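Asker: So that we are looking at the same thing, I have put the structure below in structure tokens.
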Amino acid sequence: MNHADRIARIRIQLDDWQPAIWRRVEVPLTATLKALHDVIQAAMPFDDYHLFEFRADGKRYAIPDPEWDSLRDRTYSAKTMRLGTLVDRGITQLAYTYDFGDDWRHTITIEAIADADPTVEYPSYIGGAGRGPPEDVGGIPGFELFLDAIADPKHEQHRELKRWHGRPFDRAQVDDGEVRARIGKLARRRALGKAGFEKNRRQTG
């Protein structure tokens, strides 16, 4: 399959949580798994403070670390594996984990492959539901405590966690404006990279 000018529609869903927290995005097939990680960080959103991994087809994709590799199974580079290569292998689902302390596990589903719209800059954000957990909240148990505490002014940790988070938190509300802005930055960075590549190719061609 020619991956140029083709995109994947992808659903990102946080595991082990109801009601579902999910996002839908469109990503070029030429994107690496590291680029997909950047999209997930922007979409949930997280702040990219911690390590991550993808698992697909029995393999682990991350930023290789010789110490980690020697203790665990082999790591393949997320910077060189492209989404389209996995699609060509028939893979439609990946497991993504961010922050091995909080252990945020996600299911990444490739829902469809389509031609890119020439009027759209990719990656692009389609929509989603549910507010993602704050960074470093303490995983699923910490997120449950956080939601209980900030919703109840009488909770013994209400003031502490409200001050810790520092801004309102509506569990049902996706901040679409923030997500679009963050993914828009990735799209502009990609567009600049493509323009630079084309310019360099013309000069050296």
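Asker: What nm distance separates the two modelled labels at ARG163 and LEU147, each placed 7 Å from Cα along Cα→Cβ?
Answerer: Going from the ARG163 label point to the LEU147 one covers 2.6 nm.
Asker: Starting from the Cα of ILE91, step 7 Å along the direction of its Cβ; do the same at ASP65; then give the gap between the two resulting points in nm.
Answerer: Taking the simple label geometry, ILE91 and ASP65 are separated by 2.1 nm.
Asker: Return P(r) of segment 22-106 (all Cα-Cα pairs; 10 Å bins starting at 0; whole %; ordered from short to long distances).
Answerer: It works out to 16, 53, 28, 2, in whole percents.
Asker: So, one more: From the phi angles alone, apply the Karplus equation (6.51, -1.76, 1.60; θ = phi - 60°) to segment 83-98 and give each ³J(HN,Hα) in whole Hz, x where the residue is Gly or Pro.
Answerer: 4, x, 5, 5, 4, 4, 7, x, 7, 10, 9, 10, 9, 10, 10, 10
Asker: Another question about this same structure. Could you compute the FRET efficiency for GLN18 and LYS79, with r as their C-beta to C-beta distance and R0 at 41 Å, rounded to 0.05?
Answerer: For R0 = 41 Å, the calculated efficiency reads 0.75.
Asker: Further question: Let's see if you can work this out: charge +1 on each Lys and Arg Cβ, -1 on each Asp and Glu Cβ, no other charges. What is the dipole magnitude of the chain about its Cα centre, in debye to the nearest 20? Numbers along the way, then the final one.
Answerer: Numbers: 32 positive and 33 negative charges, 196 e Å.
Charge dipole of the chain: 940 debye, to the nearest 20.
Asker: For segment 1-43, compute Rh as the Kirkwood radius over C-alpha pairs and then the Stokes-Einstein diffusion coefficient at 10 °C and 1.306 mPa s; write the answer in µm²/s, rounded to an integer. Could the numbers behind the result be given before it?
Answerer: Details: Rh = 11.5 Å.
Reported coefficient: 139 µm²/s.
Asker: Only four residue types carry charge here, +1 at the Cβ of Lys and Arg and -1 at the Cβ of Asp and Glu. Report the dipole size of segment 69-110 about the Cα centre in Debye, rounded to the nearest 20. Write down the numbers at each step before the final one.
Answerer: Details: 6 positive and 6 negative charges, 47 e Å.
For this selection, approximately 220 debye.
Asker: Which shape class, rounded, prolate or oblate, goes with segment 68-163 when its Cα gyration tensor gives a ≥ b ≥ c as root eigenvalues, a/c under 1.5 marks rounded, and past that a/b bigger than b/c marks prolate? Provide the component values of the computation, followed by the final result.
Answerer: Working: a/c = 3.26, a/b = 1.62, b/c = 2.01.
It comes out oblate by the Cα gyration axes.
Asker: Follow-up question, since we're still on this one. Below 15 Å, Cα to Cα, which aspartates and glutamates can LYS59 reach? Residues fewer than 8 away in the same chain don't count.
Answerer: ASP69, ASP73
Asker: What full-extension length gain, to one decimal in nm, is calculated for ALA172 and LYS154 as 0.36 nm per residue of separation minus the Cα-Cα distance?
Answerer: Details: separation 18, 0.36 × 18 = 6.48 nm, distance 2.13 nm.
Taking 0.36 nm per residue and subtracting the Cα distance, the gain is 4.3 nm.
Asker: Could I ask something else about it? For the chain, count the residues as N, evaluate 2.2 N^0.38 Å, and divide the Cα radius of gyration by that value, please. All intermediate terms of the calculation are to be shown ahead of the outcome.
Answerer: Working: Rg = 18.6 Å, N = 205, 2.2 N^0.38 = 16.6 Å.
Relative to the 2.2 N^0.38 Å estimate, the chain comes out at 1.12.
Asker: A further question follows. Hey, got the dipole for segment 1-106? About the Cα centre, +1 on K and R Cβ, -1 on D and E Cβ, debye to the nearest 20?
Answerer: Numbers: 15 positive and 17 negative charges, 112 e Å.
So the magnitude is around 540 debye.
Asker: Would you mind ranking TRP22, TRP164, TRP17 so that the residue whose beta carbon has the fewest other beta carbons within 10 Å leads the list? Working shown, then result.
Answerer: Values: TRP22 21, TRP164 14, TRP17 17.
The most exposed by this proxy come first: TRP164, TRP17, TRP22.
Coordinate-derived values only; no laboratory data. Source: prediction; values computed, not measured. Because the Cβ atoms are built from the backbone with ideal geometry, glycine has one as well, and the counts that use them run over all protein chains shown.
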